[in-house]
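The values are calculated or read from the model by the stated rules, or taken from the named source; none is laboratory data. All values reported here derive from a predicted model rather than from experimental measurement. Cβ placement follows ideal geometry from the backbone for every residue including glycine, while neighbour counts extend to all protein chains displayed.
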Amino acid sequence: MTAPTILGRTPHSSALNAERRAQELDALADGPEIDVLVIGGGVTGAGIALDAASRGLRTVLVERRDLAHGTSRWSSKLVHGGLRYLASGQFGIAHESAAERHLLMTRIAPHLTRALAQVVPLYAPGHVSQGAFLGLGYGLGDGLRRMVGTPGAVLQSPGPIGRNETIRLFPELERDGLRGGVRGWDGQLIDDVRLVVAIARTAAGYGASVLTRVEAVTATGGGAVLRDALTGTEVTVHARAVISATGVWAGDLDPDVRLRPSRGTHLVVAADRLGSRDASLTVPVPGASGRFVFTVPAMHGRVYIGLTDVPADGPIPDEPQATGDEIDMLLATVNTVLARPLERDDVIGTFAGLRPLLAGADDIEGTSDLSRRHTITEADSGLLSIVGGKLTTYRRMAEDAVDAAVRRRVLRASASRTAVLPLVGAWPRHRMREIAAPARFVRRFGAEAPFAAALPDGAGAACGVTAQELQWGIGVEGALTIADLLDRRTRLGMVASDRERSWDAAAAAFERAGVTPLDLE
């Protein structure tokens, strides 16, 4: 299957699939020295591959598992404007976040983003002072929005809302003492994995080789030994620059990288249980100044509730797990404003991710005060590592990483183009209704929706995921295993029962595509 090139935005096919992977892996073994080798297929690694390839550098990205297999798929699915960092005096990071949110929502991926209302309910007594405090904070954030040029048509200005409107948005709220609310706005992703896949495909469309299930066994600044997980074959690749974008696993390739990971945990509940699929309920954490627990409407009729920020000591697991204390803390906080409290039985799933935070001063007890700023380090071997940062600023991180490689390795390359480079499927927000495809497809695929919807129909999976979406995941988005389809391309794996019910449909999609799914997980 060949993915169409939308609006001529990529000079080559952007389709990722098993056939392309095999061809490019064979070519890599026999080919000459490449310009940039990127290790890690999360949002930062994919962003680096896109930045480098679009500058004309021969680029290869390798990921030992699947795209977005690690931290990138466990985010809150938000495109933050930097309000939290503004409140803590990190003005540079706040401005950078607002600027990158602006680019994502207006140029890079308007089809994968939307404005999300964030509502803080106000209760008497103390509602007047709390409302004024929140209004001031949201106002400062809105000043950042205006400063970077995000129009009000994309993100509205914040303001107070009345009691009736607050109840309309969240019927499940406790009404005794409720006086109204404060409503701010931020950006939301349809899904974080969809962003990573779109970035990786766009990189492929500009000539990058994107190779999943390929592990960097060892790496230096001049190349790496790569192992194909499918065959066990190893190949030595020579590169003028090697960049590790492996997040919390950066120390595996460069032991001198010092990180202090923190765990962010979310709960998954049915959307009907909270009464709103269009807004985020934001609740102050009792006794913690400036900390909130919030809900995020999600695909498949779900709502996520997060977010914790606790140190994650010890070995780095492949898939972090929520702890009982974190689940209890999230439930207890959101229950302070609900008429019918959520119980453990309402939690149909959990997920947790590890933030790759730079190690700070020894006297910092927790991780919530560690900087989210990114940095680039160089090992004695010449290996470059980019660590820190966050999903919203992936593009700036990628640009800085490639700039460092160009400067330190004297590569011939043009300036970064990614600030004005739309991802595959991008389409002007105000023209989304012109796309001739079902709304569900438009939300997931943007301008590519008509091509995905035109694939042969058949028995779909549970939770409304169609046969066409599964086929697209295999033929265009690089899914090699059933887990790739369920856990990342569709996110049905967020709830164990959904995953189980959808397994046969995913297997059937591989059969229709004439591809044998790999049994690697």
> How about region 280-322: which of its residues are assigned to a loop (DSSP other than H, G, I, E, B), within 21 Å of TRP185 (Cβ to Cβ) and either of a type in the set (Val, Ile, Thr) or more than 19 Å from the chain's Cα centre (by Cα) (or both)?
Replying inline: GLY290, ARG291
>> Please determine whether any residue of region 17-31 is at pLDDT below 95 and part of a loop (DSSP other than H, G, I, E, B).
In response: yes
> From the set of residues in region 170-191 that are under 23 Å from PRO125 (Cβ atoms) and hydrophobic (A, V, I, L, M, F, W, C), which is surrounded by the fewest Cβ atoms within 10 Å (Cβ to Cβ)?
Replying inline: LEU178
> Quick one: what pairs do we get from region 241-262, first residue in contact (Cβ under 8 Å) with a residue 24 or more places away in the chain, second part of a helix (DSSP H, G or I) and of a type in the set (Asp, Glu), C-beta under 7 Å, 6+ apart or different chains?
Replying inline: THR246/ASP252
> Of the residues ARG443, ARG407, which is surrounded by fewer than 20 Cβ atoms within 10 Å (Cβ to Cβ) and either within 20 Å of the chain's Cα centre (by Cα) or among the small types (Gly, Ala, Ser) (or both)?
Replying inline: ARG443
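State which residue is surrounded by the fewest Cβ atoms within 10 Å (Cβ to Cβ) when the search covers only region 455-465 and only residues that are in contact (Cβ under 8 Å) with a residue 12 or more places away in the chain and assigned to a loop (DSSP other than H, G, I, E, B). Full working, then the answer.
Filtering region 455-465 for residues in contact (Cβ under 8 Å) with a residue 12 or more places away in the chain gives 455-456, 458-465.
From what is left, the residues that are assigned to a loop (DSSP other than H, G, I, E, B) are 455-456, 458-461, 465.
Values: LEU455: 19, PRO456: 8, GLY458: 14, ALA459: 12, GLY460: 17, ALA461: 24, VAL465: 26.
Top of the filtered list is PRO456.
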> Hey, ALA68 hits all of (1) in contact with a Gly (Cβ under 7 Å, 6 or more places away or on another chain); (2) over 24 Å from THR220 (Cα atoms); (3) not acidic (Asp, Glu) but one; which does it fall short on?
Replying inline: (2)
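Take the residues in region 287-314 that are in contact with a His (Cβ under 7 Å, 6 or more places away or on another chain) and among the aliphatic types (A, V, I, L, M), then tell me which one is surrounded by the fewest Cβ atoms within 10 Å (Cβ to Cβ). Lay out the reasoning, then the answer.
Going residue by residue through region 287-314, those that are in contact with a His (Cβ under 7 Å, 6 or more places away or on another chain) are 304-307.
Subsequent filtering for residues that are among the aliphatic types (A, V, I, L, M) retains 305, 307.
Details: ILE305: 26, LEU307: 22.
The selected residue is LEU307.
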> Within region 79-91, which residues are in contact (Cβ under 8 Å) with a residue 12 or more places away in the chain and in a helix (DSSP H, G or I)?
Replying inline: LEU83, ARG84, TYR85, LEU86, ALA87
> Of (1) within 25 Å of SER14 (Cα to Cα); (2) surrounded by fewer than 22 Cβ atoms within 10 Å (Cβ to Cβ), ARG194 satisfies all except one. Which?
Replying inline: (2)
> Of the residues LEU411, LEU480, which single one is in a loop (DSSP other than H, G, I, E, B), in the same structural domain as HIS374 (by TED's automatic domain parsing) and either more than 25 Å from ALA22 (Cα to Cα) or touching a helix residue (DSSP H, G or I) at 6+ places or on another chain (Cβ under 9 Å) (or both)?
Replying inline: LEU411
>> With the requirement that a residue be closer than 15 Å to LEU116 by Cα and at pLDDT 95 or above, what does region 299-315 give you?
In response: VAL303, TYR304, ILE305
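Answer yes or no as to whether SER72 is hydroxyl-bearing (Ser, Thr, Tyr), surrounded by fewer than 24 Cβ atoms within 10 Å (Cβ to Cβ) and touching a Leu at 6+ places or on another chain (Cβ under 9 Å).
Values: hydroxyl-bearing (Ser, Thr, Tyr): yes; surrounded by fewer than 24 Cβ atoms within 10 Å (Cβ to Cβ): no; touching a Leu at 6+ places or on another chain (Cβ under 9 Å): yes.
For SER72, the condition - hydroxyl-bearing (Ser, Thr, Tyr), surrounded by fewer than 24 Cβ atoms within 10 Å (Cβ to Cβ) and touching a Leu at 6+ places or on another chain (Cβ under 9 Å) - is not met.
Out of ALA479, ALA405, ALA398, I need the residue that is touching a strand residue (DSSP E or B) at 6+ places or on another chain (Cβ under 6 Å) and at pLDDT 95 or above. Which one?
Working: ALA479 fails: touching a strand residue (DSSP E or B) at 6+ places or on another chain (Cβ under 6 Å); ALA398 fails: touching a strand residue (DSSP E or B) at 6+ places or on another chain (Cβ under 6 Å).
After applying the criteria, what remains is ALA405.
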> Condition test on LEU492, is it under 22 Å from ALA352 (Cα atoms), touching a residue at least 40 places away in the same chain (Cβ under 8 Å), aliphatic (A, V, I, L, M) and surrounded by 23 or more Cβ atoms within 10 Å (Cβ to Cβ)?
Replying inline: yes
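Only residues that are over 21 Å from the mean Cα position of the chain (by Cα) and not in a loop (DSSP other than H, G, I, E, B): list them for region 210-225, please. Can you show your working first?
Filtering region 210-225 for residues over 21 Å from the mean Cα position of the chain (by Cα) gives 214-225.
Correct list: VAL214, GLU215, ALA216, VAL217, THR218, ALA219, THR220, GLY223, ALA224, VAL225.
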> Could you say whether any residue in region 254-264 is at pLDDT 95 or above, of a type in the set (Asp, Glu) and surrounded by fewer than 24 Cβ atoms within 10 Å (Cβ to Cβ)?
Replying inline: yes
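Taking only region 170-200 into account, find how many residues are assigned to a loop (DSSP other than H, G, I, E, B), among the basic types (Lys, Arg) and within 17 Å of GLY425 (Cβ to Cβ). It would help to see each step written out before you state the result.
First, the residues of region 170-200 that are assigned to a loop (DSSP other than H, G, I, E, B): 170-172, 174-177, 190-191.
Then keep just the ones that are among the basic types (Lys, Arg); that gives 175.
Subsequent filtering for residues that are within 17 Å of GLY425 (Cβ to Cβ) retains none.
Counting residues in region 170-200 that are assigned to a loop (DSSP other than H, G, I, E, B), among the basic types (Lys, Arg) and within 17 Å of GLY425 (Cβ to Cβ) gives 0.
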> So which residues in region 504-521 are surrounded by 16 or more Cβ atoms within 10 Å (Cβ to Cβ) and without any contact (Cβ under 8 Å) to a residue 40 or more places away in the chain?
Replying inline: PHE510, PRO517
>> So, in region 105-134, exactly how many residues are buried (at least 23 other Cβ atoms within 10 Å of the Cβ) and within 17 Å of the chain's Cα centre (by Cα)?
In response: 5
>> Considering only residues that are over 30 Å from GLU469 (Cα atoms), in contact (Cβ under 8 Å) with a residue 24 or more places away in the chain and acidic (Asp, Glu), which ones fall in region 294-348?
In response: ASP309, GLU326
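Please enumerate the residues belonging to region 42-78 that are among the β-branched types (Val, Ile, Thr), closer than 18 Å to ARG409 by Cβ and not in a helix (DSSP H, G or I). If you could, list the steps in order and put the result at the bottom.
Taking region 42-78 first, the residues among the β-branched types (Val, Ile, Thr) are 43-44, 48, 59-60, 62, 71.
Still in the list and also closer than 18 Å to ARG409 by Cβ: 48, 59-60.
Within region 42-78, THR59, VAL60 qualify.
Quick check, is PHE351 among the aromatic types (Phe, Trp, Tyr) and within 20 Å of the chain's Cα centre (by Cα)?
Working: among the aromatic types (Phe, Trp, Tyr): yes; within 20 Å of the chain's Cα centre (by Cα): yes.
Yes.
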